[in-house]
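Everything below concerns the one structure shown next.
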Amino acid sequence: MTTPSSTSPEPTVKKASIASAMLPSILDLSRDRLTSTLIEMGEKKFRADQVWRSIYHETLGSFDEMSTLSKTFREKLKETYTFSALEQAMFLTSADKTTSKALYKLHDGELIETVLMRYETDGHRRNRKTACISTQAGCALGCTFCATGQQGFRRNLTVGEIVAQVIEMQRVARAEDEAQMAEGKRSKGDIQGVTNVVFMGMGEPLANYRNVIAAIRVLNDGQGLNIGARHITVSTVGLVPQILQLAEEELQINLAISLHAPDNATRSQTMPVNKRYPVEELIRACHKYADATGRRIFFEYVLLKEQNDSVEQAQKLGRLLNGLHCHVNLIPVNPTKEGPFERTDLTAAKDFQGGLKQYGIPSTVRMEKGIDINAGCGQLRERAIEILGA
Ligand code: SF4
């Protein structure tokens, strides 16, 4: 694990507090459920719209800040619901300022991580800010290269706990945009906030299927956070039944598969899930998914030195993916303290790309951001336990 010597804890823009763990969180409600509940409480539908916009569009930090609502109504809401699901325990920004990582404490003491990655315009795409969010506290799937996998499973996150991570990052991202606007570096119409969301933090999203789908629908709502479906990516290690289920949801989101090896023998060494859903079965499900949705599938391939990074393995991967509408992201591994693997160097990564190209498979070498702040999955929690004894 790298040492974050160039970073320091920072306050968030608005730090929400957990009012009471006993009341349900208003963030757990779908828009329809919020509307019907408030109507049952004797309010008009437009009040529900106001509350929704206050939470998800304006990203206000408490019921008290909802000044368009009467005091009586705000008090009623406070008696019925909690507001935030997260308490910030740590916030670090990388030396190059491109990546920030937050550690949040949940009402029961569990710790989860959220990352905000900032990308400059690269000629093809505009500036973007991507929130990488967690869906479980810990993870049961035990991938050997993953810090979260080495910590074990704690529990699924609620819809509110998933969505709240994006709200927190939206506040940070918007405050930065507004600061740039005040300095004349950005125009008023260019306040973007979070532009993309990836479900690639702690946990396996498809193992928390129902809450993840409900959270996507909240994030996607045009009068709230308004994150376009094509700007949302769900990453899975390959839970076949859920991939087939997802194909039927009529969501235009991106699906990313953490593949990491081209054959069962290699994959099973680092990803125990492969024994349940072997590579051939997984790729069959991917074909069905691509056929049903018309969407390209992204394959994540963490390069592990002398484990899965040879040119022969690249060619094998090329043959496996031949005929599938897909793109491969090659990621030199983020080493963990307990993990046995080393980082593949850039030359070897380029050679691997060459092997894929022989089979017409497009790929990108994606250097990880935020190495100096432990931005790999589960690494900040690991460090916090050392520092805080959390
Ligand atoms: S890589 Fe993902 S699925 Fe595997 S142990 Fe880590 S969090 Fe779980």
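The values are calculated or read from the model by the stated rules, or taken from the named source; none is laboratory data. Keep in mind the model is a prediction, meaning the values are calculated, not measured. Here Cβ is always computed from backbone atoms with ideal geometry, including for glycine, and neighbour counts include all displayed protein chains. The protein model used for the area step is the full one, side chains on, heavy atoms only, and it has no ligands, DNA or RNA in it. Shrake-Rupley method; radii C 1.70, N 1.55, O 1.52, S 1.80 Å.
Determine, for each peptide in 86-97, 68-79, the mean count of other beta carbons within 10 angstrom over its residues, then list the peptides with the highest first. It would help to have the intermediate numbers written out before the result.
Details: 86-97: 18.7, 68-79: 14.2.
Per-residue Cβ counts within 10 Å, averaged per peptide and sorted highest first, yield 86-97, 68-79.
Put simply, the amide H of V365, placed in the peptide plane, has neighbours under 5 Å in L330, leaving out anything fewer than 5 places away on its chain.
For the chain, carbon and sulfur atoms together expose 49% of the accessible surface, with a 1.4 angstrom probe and every protein chain in place.
Might you tell me the accessible area per residue for the chain, computed with a 1.4 Å probe and given in Å²? Each step should come with its number before you reach the end.
Details: 16990 Å² over 390 residues.
Using a 1.4 Å probe on heavy atoms only, each residue of the chain averages 44 Å².
Multiply the residue gap between D49 and S67 by 0.36 nm, knock off their C-alpha separation, and tell me the result in nm, one decimal place. Each step should come with its number before you reach the end.
Values: separation 18, 0.36 × 18 = 6.48 nm, distance 1.41 nm.
Once the chain is fully extended between D49 and S67, it gains 5.1 nm.
Counting only heavy atoms of the protein chains and using a 1.4 Å probe, I39 has close to 90 Å² of accessible surface.
Stretching the chain fully between E120 and L324 yields a gain of 70.4 nm (0.36 nm per residue, less the alpha carbon separation). When the alpha-carbon atoms of the chain are used, the pair Rg, Dmax equals 21.3, 69 angstrom. Taken one residue at a time, the phi angles of the stretch 194-201 give Karplus couplings (6.51, -1.76, 1.60, θ = phi - 60°) of 6, 9, 9, 10, 10, 8, 9, x Hz. Gly and Pro are set to x.
Could you give the dipole magnitude of the chain about its Cα centre, charging the beta-carbon of Lys and Arg +1 and that of Asp and Glu -1, in debye to the nearest 20? Before the final figure, lay out each step's value.
Working: 48 positive and 46 negative charges, 124 e Å.
Its charge dipole is roughly 600 debye.
At a Förster radius of 22 Å, what calculated FRET efficiency corresponds to the Cβ-Cβ distance of K357 and Q269, to the nearest 0.05?
Values: r = 26 Å, r/R0 = 1.18.
The value I calculate is 0.25.
Amide H to amide H, with H built 1.01 Å from N, M90 comes under 5 Å of L103, counting only residues 5 or more places away or on other chains.
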